[in-house]
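These notes are about the structure you will find just below.
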Amino acid sequence: MGSPSPESTLRKKARFLQLDASIFSADGMLHGKDMLSPKPRKYQEAELEKLTNNYDEKYFIGRTQFGKLYRAKIDSHVTGAESRYVTVKIWDQEQERFYREACCNVMYDEEVRFLRDPTVNHHPNLVKFIGYCPGEVKGVVYDLDPIDTLHNLTRKESFTWPQSIKTILCFARLLEFLHGQAKPYLLLNINAAHIVLDQDWNPILLDFSIMSGGVLGERGPDKKHIFMSVGYVDPFLISPGYGEWWEAWSDVFSFGVVLLGTIAKRVLELKEIVLSDTPLTDEWAKIEYKDGCSLVHRSLAEDPYFEESDGTKITTLGMQCIDDNPERRPTMKEAVERLKSLLVVQRHADALGV
């Protein structure tokens, strides 16, 4: 027998990840995926309002730590081709008052610089940059047709085991890539609300608020006092005497929280953390975990593609990522290799698209 055609392979992938197979054309390409011009466009505030229908709640996706995400559509007369769906991020003006406008200006300016860095901006799990609005209302327009944020999807029964594993593995690869640069990037603000799943269930990172390294250099004084996302902060960083010791292992800790939250279908809203004694995800995991156990949620463990040994392996990896001693945590390179060893990845890599 001959090898399967590109079309049959892609349709298998569509069934596996519960995609609409009609998005694939016979030549194996995705419809409407051609990129806009790499030259960023400068938007006016009125244009962002029009794109989001004056920030209509129907277009609202969710909050990031410092802003809000909206679905939007750029009409064909603007693109010169077919219409396309995009994502708009608006910096929250309330946050500007809390952190001082200068801090928010730095975060905004550095995000634009990072997304224009040609050494990294080609990565498939980094959001692609269309344009920006530098006015009183600061915003960025991304070439991203979103399903939802990982934060919002995690608790949904419809978010399957293959989709969860693809999200975790692809995000791990992105972190491995950023940490592996000649001048490594540290995110320092990983949060499930900052990861958006596109229409092919690819995780796309779109918040870089307190990132350091690469073309950005070390964190400047305006960013050093900015808090990381509550629930994802490496406790080692707030230990006495270690407040300025930023290393890749802090990203590993936050990745571990994302991993455990995803497999356990456990995400917390800020009000749950502030107004109750609900334990944070890493605290909960350390209470529940016993050697050799699985913290995979029952609904995911019932998925036809779930293997019991995978549940144990990925739980163990997550627990090692949140180890109290940062020197015992795996590197992201090690985490990627261990995720690749999962049976669901070994058996269904093509269908997963990883």
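The values are calculated or read from the model by the stated rules, or taken from the named source; none is laboratory data. Since this is a predicted model, take the numbers as computed values, not measurements. Quick reminder, even Gly has a Cβ in these numbers, built from the backbone with ideal geometry, and neighbours come from all protein chains shown. Each accessible area value is taken on the protein alone, full model and side chains, heavy atoms only, with ligands, DNA and RNA left out. Shrake-Rupley method; radii C 1.70, N 1.55, O 1.52, S 1.80 Å.
Miscellaneous remarks
Listed here are the residues, each with its yes/no results for (1) crowded, with 17+ Cβ neighbours inside 10 Å; (2) of a type outside the set (G, A, S); (3) in contact (Cβ under 8 Å) with a residue 24 or more places away in the chain.
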| residue | (1), (2), (3) |
| --- | --- |
| V257 | yes, yes, yes |
| L260 | yes, yes, yes |
| D277 | no, yes, no |
| Y289 | yes, yes, yes |
| S294 | yes, no, no |
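- Failed item in (1) modelled with pLDDT of 85 or more; (2) in contact with a Pro (Cβ under 6 Å, 6 or more places away or on another chain), with G217 passing the rest: (2)
- Residue within region 121-137 that is under 14 Å from the mean Cα position of the chain (by Cα) and either farther than 20 Å from S209 by Cα or β-branched (V, I, T) (or both) present: yes
- Some residue of region 172-184 being at pLDDT below 90 and hydrophobic (A, V, I, L, M, F, W, C): no
- Residues of region 318-331 that turn out to be at pLDDT 95 or above and out of contact with any Gly (no Cβ under 8 Å at 6 or more places or on another chain), as a count: 4
- Criterion violated by S254 - all others in (1) closer than 29 Å to M211 by Cβ; (2) over 24 Å from the mean Cα position of the chain (by Cα); (3) of a type in the set (S, T, Y) satisfied: (2)
- Test: residue in region 259-278 that is of a type in the set (A, V, I, L, M, F, W, C) and touching a Cys at 6+ places or on another chain (Cβ under 7 Å): yes
- Filter result for the condition that a residue is modelled with pLDDT under 75 and of a type in the set (S, T, N, Q), over S209, S239, S276: S239
- Residue check: R347 meets all listed conditions (1) under 18 Å from R173 (Cβ atoms); (2) in a helix (DSSP H, G or I) but one, namely (1).
- Of all the numbered requirements in (1) under 25 Å from E334 (Cβ atoms); (2) surrounded by 17 or more Cβ atoms within 10 Å (Cβ to Cβ), K265 misses one, and that requirement is (1).
- Residue in region 317-327 that is more than 22 Å from the chain's Cα centre (by Cα) and either hydroxyl-bearing (S, T, Y) or assigned to a helix (DSSP H, G or I) (or both) present: yes
- Pick from region 297-316, criterion in a loop (DSSP other than H, G, I, E, B) and either in contact (Cβ under 8 Å) with a residue 60 or more places away in the chain or open to solvent by less than 20 Å² (accessible area, probe 1.4 Å) (or both), ranking: nearest to F159 (Cα to Cα): D303
- Exactly one residue out of Y70, Y85 is at pLDDT 90 or above, more than 14 Å from T149 (Cα to Cα) and part of a strand (DSSP E or B): that is Y85.
- Residues (out of contact with any Asp or Glu (no Cβ under 9 Å at 6 or more places or on another chain), under 25 Å from F227 (Cα atoms) and among the β-branched types (V, I, T)) located in region 101-140: V112
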